[in-house]
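Reading through the structure tokens given below for one structure.
Please treat every number below as a calculation from the coordinates, not as lab data. Predicted model, so just to flag it, every value in this text is computed and none were measured. Note that each Cβ is placed from the backbone with ideal geometry, even for glycine, and that neighbours are counted across all protein chains shown.
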Amino acid sequence: MVRGEFVKPILEGVKKATIRMGIVVPKYDEVIIHGGGRPIAKAKITEVVYKKVSELTDADAALDGFKSREELIEALKKVYGRVSPDDVVTIIKFEVIQRLDEVKSDDVYCGLSPSDIARIYLRYLKEHASEEDRKILELLGRGLSIREVAKKLYGSPERRFRVRRVVRKALKELISRGILSECRRG
């Protein structure tokens, strides 16, 4: 989750990294970036670098959307409190591969993967899912394919239609509640 002020710079390609205190190990190579209370983009993590605060440069700050190293360190202090030169930070560099504010596709899932839909749904609407739907979405969110989920839950990949139905229903609800933009065809 990023602060609302960073949404525009991320979507415009100005902010190309996030710097976090401590050692952060991303779970996925591709992530959904959330800002302003909604998903804004899908990004591919291109590099993860660990440094001490004392080793941060103006170039690192620029990647994170700041004018200088000093401005970056002040922002870190506002978020994390005390920041010392020996503290370790994680620089997560990313590239936006899909904007979610203007989804355009002829694909049944509006250009999103079932895994993306599952992760977004579980983040914003988890409590609205039935127990069975939640199990399906959790497995998809972990990166299993529709075929793998059908086989795991129903014993056969021939039951893929059940999994697809849940994904379509989740996408429809994300759009109807304004969490994702309407899918524009063509």
Computed from the beta carbon distance with a Förster radius of 35 Å, FRET efficiency for VAL79 and ARG159 to the nearest 0.05 stands at 0.15
Read-out P(r) over Cα pairs in 10 Å bins from 0, in percent, candidates (1) 10, 39, 34, 14, 3, 0; (2) 10, 40, 38, 12, 0; (3) 9, 32, 30, 19, 9, 1; calculated match is (3)
Here, chymotrypsin sites (Phe, Trp or Tyr not before Pro) of region 6-57 satisfying both criteria (DSSP loop; at most 16 other Cβ within 10 Å) are TYR28
Given Cβ charges of +1 for Lys and Arg and -1 for Asp and Glu, the option among VAL88, CYS110, ALA61 whose Cα lies farthest towards the positive end of the dipole of the chain is CYS110
Between the residues LEU72, PHE161, PRO39, the Cα farthest towards the positive end of the dipole of region 37-186, that dipole coming from +1 and -1 charges on the beta-carbon of Lys, Arg, Asp and Glu, is from PHE161
Length gained if VAL49 through ARG147 is fully extended, taking 0.36 nm per residue and subtracting the Cα-Cα distance, is 31.7 nm
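Classify region 105-186 from the C-alpha gyration tensor, please: rounded if a/c falls under 1.5, else prolate or oblate depending on whether a/b exceeds b/c. Before the final figure, lay out each step's value.
Numbers: a/c = 2.15, a/b = 1.40, b/c = 1.54.
Oblate.
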Taking the alpha-carbon centre of each part, the distance from region 130-186 to region 54-71 in Å is 40 Å
In deg cm²/dmol, rounded to the nearest 500, the helical mean residue ellipticity at 222 nm of the chain, built from -39500 (n - 2.57) for every DSSP H run of length 4 or more, is -11500 deg cm²/dmol
The lysines whose Cα lies under 24 Å from the Cα of LYS42, excluding any fewer than 8 residues away in the same chain, are LYS8, LYS15, LYS16, LYS27, LYS93, LYS104, LYS126, LYS135, LYS169, LYS172
